[in-house]
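A.B. asks: Please see the structure below; I have some questions.
Read the figures in this text as sums done on the coordinates, not as results from a lab. This one's a predicted model, so the numbers in the text were calculated from it and none came from an experiment. Here the Cβ positions follow ideal geometry from the backbone for every residue, glycine too, while neighbour counts run over all protein chains shown.
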Amino acid sequence: MQMNNTYDFIIIGSGFGGSITAMCLVQRGFSVAIVEKDRHPRFAIGESSTPAADMILRDLAESYDLPLLKKLSRYGSWQKHVPEVVCGLKRGFSYYFHEPGQPFQSSRDHSRELLVAASTDDKNSDTNWLRSDVDQLLSGYAADLGADLFEGTQIEKLNRSKDAWQVQAQRDDEPLQMSASWILDATGSPVFAERFLGVHSSSDGFYTNSRAVYSHYTGAGRWLDYLNENSFYTDDYPYNPDHSALHQFTEEGWMWMLRFNNELLSAGFLIADNMGSENPKKPAEAQWQRLCNRYPSLKQIFRNSNIAARPGRIIQTGRLQRKLGRVFGNGWTALPHTAGFVDPLHSTGISFTLSGIRRLLPILEQLDNGKLSVPDLNKYEETVGKELSFMDMLVSSCYISRFRFDLFTASVMLYFAAVITWEQRYLSGNRDHAFLCPDIPDLYEMVSDTHGELLMLGSGPINDKKSAGLIERIRTRIEPFNRAGLMDPEKYNMYRHTAVTLS
Ligand SMILES: Cc1cc2nc3c(=O)[nH]c(=O)nc-3n(C[C@H](O)[C@H](O)[C@H](O)COP(=O)(O)OP(=O)(O)OC[C@H]3O[C@@H](n4cnc5c(N)ncnc54)[C@H](O)[C@@H]3O)c2cc1C
């Protein structure tokens, strides 16, 4: 490939965020380089997609003539067109409530289970993305369209003068020099921005306080098999929970389980650090083992499992909540996942990233002599900030209420009410608004009032009377946004369909 070393945009990072942004800019005629420190296929976390993400993919596919993105927007079309790219079937969101030292218990009316379908059948379902495969596909596609992709490349020096960046990088033993009008930080981490762009990241102001211990596993048992072997009533399940974003709630926090078609399982414990229940200084393996041992049903699922070759180890993070002090500056802009992150609880990462890119692209397309509109970038920054704060309250509400499954099932409905409202707005053509609609005052109040009340309850067990009162207030608060029969006692925690139908 002939490499041109002067670009309109250099994108740092070739996760799906960087690669999709590159594709769209190339399709609008811009010259783009993507600089990636690793080489594909490489391990990446953040796999569970949602109807909101699918909608944006389809929208970008149409607006930028990128048919591949439409193929990835549903399980059926993915399997038809790119079956070699591994994904998993994700029919919805499932939640189970565990108590320490006890095998999982529930009743015929599903008092400790909640299943919320997001699609009516497998063909139209969402997917779990095996990120190593998906990111390799997308970065390759961006390169095929005309972006210059530099893998295994580290930026060493950045200098901006006369509305252009001079960049020095190193690819293996080869020094590279390039220049660009604008840099997009798609690294999904604050490290690059802190080192080269002079901004700082902080956890200040977040209510959520969690960290993760995770890996990919082979040979892990299936949750539905466990339920059936132990005679739990599953006849009225809207879908197989192994084909969903499976959340196992524990005293310490919760565990995600996301299954792929090749039988790999992505699994991770989220630990609420304000519990002080786990020592982050212990090795990741010891923390994982201790948590599994505390919950006999989870231990059973992992009894014959092995850590997958990629990543080949258990990874532990520090506190996940972070936000950059600025999201843009002279000659640079950060993509959403670089700008900040809350927690994977509501699987908002992919849709938050895509919705930010969807709003950012028209701003980037106005690039003129190394300049972009500052008022437009300010608006982008303000919106990303509001989205992060709003997601924080939605997530924090669920962490606080997780000690009582009845209150948790009410709290999680705040998220479903918000995302369904966002999806309906998006489908009606109103596509530039903030993700999850924190800009709708009544919706914002629904969340902030409930979160405020939950905070007053403090952390730890919540008594029956207080919980019942709050559940009723949540029911009243979500009513104006409740178009999917959420919190209907007749449904016994089994919701057959909540997402809007895509054409
Ligand atoms: C524990 C955890 C679980 C998550 N689970 C979910 C989930 O279930 N669903 C969901 O929607 N989201 C989830 N997320 C969020 C999800 O990971 C992000 O939304 C997603 O990764 C954003 O994609 P991205 O392409 O913007 O960034 P990333 O995926 O972070 O990609 C960044 C890329 O930049 C490269 N890079 C980094 N630094 C440099 C550098 N200095 N130079 C060059 N290249 C660099 C990296 O190698 C990588 O390829 C989770 C996040 C975490 C932390």
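A.B. asks: Taking the chain as the reference, fit the longest principal axis to its C-alpha atoms, fit the long axis of helix 284-294 to the helix C-alpha atoms, and give the angle between the two in degrees, 0 to 90, nearest 10.
C.D. replies: Compared with the principal axis, the helix lies near 20 degrees.
A.B. asks: On to the next question. Taking +1 at the Cβ of each Lys and Arg and -1 at the Cβ of each Asp and Glu, which of 399, 424, 385 sits farthest along the dipole of the range 379-427 towards its positive end, judged by Cα position relative to the Cα centre?
C.D. replies: 399
A.B. asks: Return the lysines within reach of residue 90: Cα separation strictly under 25 angstrom, same-chain partners fewer than 8 residues apart disregarded; answer none if there are no such residues.
C.D. replies: 70, 71, 80, 123, 299, 491
A.B. asks: For the range 154-310, I need the span (max minus min coordinate) of the C-alpha atoms along each principal axis, in Å, sorted largest to smallest.
C.D. replies: 70, 36, 32
A.B. asks: I've got another one for you. Among 280-292, 7-19, how do they line up from the highest to the lowest mean number of other beta-carbon atoms within 10 Å? Spell out each step's value before the answer.
C.D. replies: Values: 280-292: 16.0, 7-19: 26.2.
Highest to lowest by the protection proxy: 7-19, 280-292.
A.B. asks: Still on this structure: Out of residues 5 or more away from residue 255 or on other chains, whose amide H comes under 5 Å of its own, with H placed 1.01 Å from N in the peptide plane?
C.D. replies: Sorted by chain and number, the residues that satisfy this are 248, 249, 250, 270.
A.B. asks: Run lengths n ≥ 4 of DSSP H only: what is the helix-derived mean residue ellipticity at 222 nm for the chain, with -39500 (n - 2.57) per run over all residues, to the nearest 500? Mind dumping the intermediate values first?
C.D. replies: Details: 15 runs with 185 residues, N = 503.
Only helices count here, giving -11500 deg cm²/dmol.
A.B. asks: Scan around residue 14 for amide H atoms under 5 Å from its own, H built in the peptide plane at 1.01 Å from N, and keep only partners 5 or more places away or cross-chain.
C.D. replies: Counting only residues 5 or more places away or on other chains, the set is 37.
A.B. asks: Pull up the cross-link candidates among the lysines for residue 323, meaning alpha carbon to alpha carbon under 26 Å and not fewer than 8 places away within one chain.
C.D. replies: The reachable lysines, counting only those whose Cα sits under 26 Å from residue 323, are 37, 157, 281, 371, 379, 386.
A.B. asks: Another one. Sequence-distant or interchain residues sharing an amide H contact under 5 Å with residue 232, placed H: which?
C.D. replies: Result for residue 232 returns nothing.
A.B. asks: Out of the range 136-176, which trypsin sites (Lys or Arg not before Pro) are coil in DSSP terms and have no more than 13 other C-beta atoms within 10 Å?
C.D. replies: Answer by residue number: 162.
A.B. asks: Right, another one. Within the P(r) computed for the chain, what percentage of the Cα pairs occupies the region above 34 Å? Display every interim value, and only then the final one.
C.D. replies: On the way: 42785 of 126253 pairs.
Everything past 34 Å amounts to 34 percent.
A.B. asks: Got a sec? Charge dipole of the chain, +1 on Cβ for Lys and Arg, -1 for Asp and Glu; which of 317, 88, 288 is way out at the positive end?
C.D. replies: The residue sitting most towards the positive pole is 288.
A.B. asks: Tell me, what ³J(HN,Hα) does each residue in the range 356-368 have, in order and in whole Hz, if you take phi through Karplus 6.51 cos²θ - 1.76 cosθ + 1.60 with θ = phi - 60° and put x for Gly and Pro?
C.D. replies: So the Karplus estimates, Gly and Pro as x, are x, 4, 4, 7, 6, 3, x, 6, 5, 5, 8, 3, 9 Hz.
A.B. asks: Place a +1 charge on the Cβ of each Lys and Arg in the chain and a -1 charge on the Cβ of each Asp and Glu, then give the dipole magnitude about the Cα centre in debye, rounded to the nearest 20. Write out the running numbers ahead of the final one.
C.D. replies: Details: 52 positive and 60 negative charges, 120 e Å.
Computed charge dipole of the chain: roughly 580 debye.
A.B. asks: P(r) of the range 401-495 in 10 Å steps, Cα pairs, percent per bin?
C.D. replies: Spelled out bin by bin, the range 401-495 gives 15, 47, 30, 8, 1 percent.
A.B. asks: Sticking with this structure for a sec: Quick check: the angle from helix 131-145's long axis to the longest principal axis of the chain, C-alpha only, nearest 10 degrees?
C.D. replies: 30 degrees
A.B. asks: Suppose every Lys and Arg Cβ carries +1 and every Asp and Glu Cβ carries -1, with no other charges. What dipole size does the range 32-179 come out with about its Cα centre, to the nearest 20 debye? Could the numbers behind the result be given before it?
C.D. replies: Working: 18 positive and 24 negative charges, 64 e Å.
With only Lys, Arg, Asp and Glu charged at Cβ, the dipole is about 300 debye.
A.B. asks: Rank-order 456-467, 385-396, 211-222, 75-86 by packing density, defined as the average count of other C-beta atoms within 10 Å over each peptide's residues, highest first. Display every interim value, and only then the final one.
C.D. replies: Values: 456-467: 12.2, 385-396: 22.6, 211-222: 20.2, 75-86: 15.9.
Ranking, from highest mean packing down: 385-396, 211-222, 75-86, 456-467.
A.B. asks: Follow-up. For the range 179-260, just the Cα atoms, rotate onto the principal axes and tell me the three extents in Å, largest first.
C.D. replies: Cα extents, longest axis first: 61, 31, 24 Å.
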